[in-house]
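J.: Structure below; questions to follow.
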Amino acid sequence: MINIKKTYIVLGVIGLLILGGLSYTVGFYNSLQTKTQGIDAQWAQVETQYQRRFDLIPNLVNSVKGIFNQEQKVFGDIAAARTKYGGAKTVDEKVASASELDGALSRLLVIVENYPNLKSDTAVVGLMDELSGTENRVATERRRFNEVVQDYNTTIKRVPGSFFAVAFGFKQRPYFQATAGAETAPEVQF
């Protein structure tokens with residue numbers, strides 16, 4: 001009788017340990033899924049700001065284009081970057097095309113800064129203010145994206161997350177990074 005009682009107790013403890021382990025595994029898996037969804041949602045916020053930027057840029061370009069036809073290369077680069085972004089399928093492709101737009105846009109801003117009559121045009125000034133605000137929003141959303149990616153990547157690299165990540169197929173996600181040469185200001189010559 002005592003052996004049967006001990007057996008039930010041992011089986012009960014083993015059952016509780018298995019149930020606890022399964023609960024922990026399911027909880028951790030759900031946590032990784034939540035973090036993955038958070039990354040995707042934050043990337044959507046970055047894209048929302050990119051869309052705002054893409055909607056503003058043609059207005060700025062058209063305002064400037066009417067005044068300076070000789071700057072066609074910058075306008076062409078902006079149009080090409082917008083088209084490339086529209087056709088991008090992955091986050092990495094979108095980041096690369098957005099970075100190309102950053103370069104072309106910074107050249108356009110140098111043009112605007114170098115022409116006093118552009119700076120006094122109210123349409124250009126209003127668009128520049130809108131674009132400046134949008135650029136701040138883009139920077140904020142990129143930073144937030146990198147923060148959620150960091151949280152996720154840290155989770156899957158630390159023990160026990162590394163074991164679960166491998167078992168469930170979770171892989172490290174890339175950070176948003178500036179393209180090579182982004183630290184150098186563009187040079188525009190007239």
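None of the figures in this text is laboratory data; all of them are computed from the coordinates on show. Keep in mind that this is a model prediction, so the values were computed, not measured.
J.: From the phi angles alone, apply the Karplus equation (6.51, -1.76, 1.60; θ = phi - 60°) to the stretch 170-177 and give each ³J(HN,Hα) in whole Hz, x where the residue is Gly or Pro.
T.: Each residue of the stretch 170-177 in turn: 7, 10, 4, 9, x, 7, 6, 10 Hz.
J.: Run the numbers for Asp40 and Glu130: contour at 0.36 nm per residue of separation, minus the present Cα-Cα distance, in nm. Numbers along the way, then the final one.
T.: Details: separation 90, 0.36 × 90 = 32.40 nm, distance 2.62 nm.
The Asp40-Glu130 span can extend by a further 29.8 nm.
J.: Which links in Lys84/Lys171; Lys94/Lys157; Lys84/Lys157; Lys94/Lys171 stretch past 22 Å when you go from one Cα to the other? Don't skip to the end; give the middle numbers.
T.: On the way: Lys84/Lys171 27 Å; Lys94/Lys157 26 Å; Lys84/Lys157 34 Å; Lys94/Lys171 20 Å.
As for pairs spanning more than 22 Å Cα to Cα, those are Lys84/Lys171; Lys94/Lys157; Lys84/Lys157.
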